[in-house]
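Below is one structure, written out as structure tokens, with a few remarks after it.
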Amino acid sequence: MQPWLAMMASDRLIVETIAFACGVTLLLDAGAALGDPLSQLERMGQALRTREYEGTLVHLRDHQLSALRIAHRIENGESRASLLTLNGPLRTLARSERGIACLLPGQQRPILVDRAPAANLRRSATGADWSALERHYQIQAKGSSRVAGREVELISIQPRDEFRYGYRVSIDDETALPLQIELLNQDAEPLEQLMFTELQVQPLVTTPIAAPSATTPVAAEPPTATTWTVTTLPPGFRHHRYQRTAQGIEHFLFGDGLASVSVYIEPVQEFGLQGATRLGAIHAAGRQIDAHQVTVVGEVPAVTVMHLLNGVQHND
Amino acid sequence: MQHEPHQRLSAVLDQETTAAETAATLDQLLNNPELEARWERYHLIGGVIRGEPVSPDYRLLAQSVAARLATEPLISTLPPPRRWFIPWFEHWMPLAGAAMASVMLLGVMVWHPAVDGLLNQQSLTHPDRMLALATEQPPALDTVDAWPLNEPALESKLHWFVLGHQESASFSGFQGHIPYATLVGYDGQ
């Protein structure tokens, strides 16, 4: 081979090597930007807190299909949301930093839940700790698709045991809002499904969201003002919060950082849950212990609420 | 706060009310069948416009449309520009007449094919059966009784527990509207 040909071949090799390296680097960067499921989920959590949007959702569960109008906006740094059914009996919910007002059929009055000041301490400003959650969930990117006419990335969050649900989330490429969310059982079978059929998103708000005092869920100290304990918790679940309401109801909150369960304890009332029940994927179970009504409720499998219910003990 | 009932409902949807004002408005809604009927008509019309599934016999749509045609004139002018968070149904008021006429003409309800396909793709078979409480062994999912809709007081308490739980459990920042949609979207009929 002529020297100049060898030089050209060498230069070409160098150029091709550099081009290949650059291509790989670009592909890796693109993968990190779009394909990294943890980054996508963190973007989604931030979008849910900071984006103003309004749209129509369809909610599918147990062969029942509901259409809901949803609106979320930020006003003076506070998040406000409303939900309203578009078919079936009138059902509506308004949620603000002050609490919740909810109207459901068959109820004589709206259900009001005031947010206690302590509750704000647990509101996250950064969202879930997805890296930590990988101990209990397998999180994978599942490629791209389209929802409501928009490009989305599919992320699978599959539980590693029977004590929590999984999710399959379709995250909007542009806004990072979840346009479709499927709630899955341990076998990855859908239990419920929410999907936007129409969505209007406002530009990012300039008003900063009011920062909470704590940014991540941390395990709370065992409450000292109660005589109740929960002796056995599912793997990864920790005690996060305790409060006694104005009505004298003791409320314990447990969770793994994503799934959560509440334990309510009150003196025996005329109406108390004896046994187990469910509202879609929300399970509840109750029984009486030492003249007190114990009710466990959460969006977790039935086995989880029963596990906690069986672990409730009264220490005299 | 506005004084017209429909404006109060609009304010609730717009989140321009405090929790107490919302409660008062919702309470008035419960005690005012005419207001509730008006509110629901807006939603039915909106569903028709969007092609969303509305059961043909639910709330006797044809009668509702006929009554509205008889009592309210068609609106022929567009509303003035408004802020972004306009109550959604107000957007459609000018279109309502045309939609109602279309409905009357066709006389049928059209199920949205995409939604229908979505429904057919699911295999959610959890027959609700009575549960004998077994505190030692957790029940299987399909043996758990459904929400006690026949016991309003207990049902109300459970709803209160669910909402209180969700407010306390918002630490993950992930679930967003899911838990609330589960509760609000549930139709026990």
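So how do A:Glu299, A:Glu42 line up by other beta-carbon neighbours within 10 Å, fewest first? Could you put the intermediate results ahead of the total?
Details: A:Glu299 26, A:Glu42 20.
Sorted ascending by nearby Cβ count, the order is A:Glu42, A:Glu299.
Provide the per-residue ³J(HN,Hα) series for the range A:90-97, in order, calculated from phi with Karplus coefficients 6.51, -1.76, 1.60 and θ = phi - 60°, each as a whole number of Hz, with x at glycine and proline positions.
In residue order, the calculated couplings are 5, 9, 8, 9, 10, 10, 9, 5 Hz.
Taking just the alpha-carbon atoms of the range A:228-314, what radius of gyration and Dmax come out, in angstrom?
For the range A:228-314, the Cα radius of gyration and maximum Cα-Cα distance read 11.9, 35 Å.
If you take each beta carbon of peptide A:297-306 and count the beta carbons of other chains within 10 angstrom, what is the mean?
On the way: counts 6, 6, 8, 0, 3, 8, 5, 1, 3, 8.
What the average comes to for A:297-306 is 5.
For Cα pairs less than 8 Å apart in space and 6+ apart in sequence, what is the mean separation divided by the residue count of the range A:228-314, i.e. the relative contact order in percent?
Reported as a whole number, the value is 29 percent.
Taking the beta-carbon count within 10 Å as an exposure proxy, list A:Phe271, A:Phe252 from fewest neighbours to most. The partial results should precede the final answer.
Working: A:Phe271 14, A:Phe252 25.
Sorted ascending by nearby Cβ count, the order is A:Phe271, A:Phe252.
Can you tell me the order of B:159-169, A:256-266, A:144-154, A:57-67 when each peptide is scored by its average per-residue count of other Cβ atoms within 10 angstrom, highest first? Display every interim value, and only then the final one.
Details: B:159-169: 23.2, A:256-266: 24.8, A:144-154: 16.2, A:57-67: 21.5.
Order by mean packing, descending: A:256-266, B:159-169, A:57-67, A:144-154.
To the nearest 0.05, what FRET efficiency results for A:Ser39 and A:Glu97 with a Förster distance of 30 Å applied to their C-beta separation?
Details: r = 28 Å, r/R0 = 0.94.
Efficiency, rounded to the nearest 0.05: 0.60.
Round to the nearest 0.05 the FRET efficiency obtained for B:Glu34 and A:Ala225 when R0 = 45 Å and r is the Cβ-Cβ distance.
After rounding to 0.05, the efficiency reads 0.35.
Tell me, in nm to one decimal, what length is gained between A:Ser144 and A:Gln243 on full extension, where the rule is 0.36 nm per residue of separation less the Cα-Cα distance?
Here the segment from A:Ser144 to A:Gln243 would lengthen by 31.3 nm.
Count, for each residue of A:44-54, the Cβ atoms from other chains sitting within 10 Å of its Cβ, then give me the mean as a whole number. Don't jump to the answer; show the numbers that get you there.
Working: counts 3, 5, 1, 1, 5, 2, 0, 0, 2, 0, 4.
The per-residue average across the peptide is 2.
Summarise the partner chain shielding of A:78-84 as one whole number: the mean count of Cβ atoms from other chains within 10 Å of each residue's Cβ.
Whole-number average of other-chain Cβ neighbours for A:78-84 is 5.
For a footprinting-style exposure proxy, rank A:Asp36, A:Asp316 by other Cβ within 10 Å, fewest first.
So the residues, fewest neighbours to most, are A:Asp316, A:Asp36.
From the backbone phi of the range A:233-246, what are the Karplus-calculated ³J(HN,Hα) couplings (6.51 cos²θ - 1.76 cosθ + 1.60, θ = phi - 60°) in whole Hz, Gly and Pro given as x?
3J(HN,Hα) across the range A:233-246, in whole Hz: 10, x, x, x, 7, 9, 6, 10, 7, 9, 8, 10, 6, 4.
Bear in mind these aren't lab numbers, they're just calculated from the coordinates by the rules spelled out. These numbers come from a predicted model, not from an experiment. All Cβ positions, even for glycine, are placed from backbone atoms using ideal geometry, and neighbour counts span all protein chains on display.
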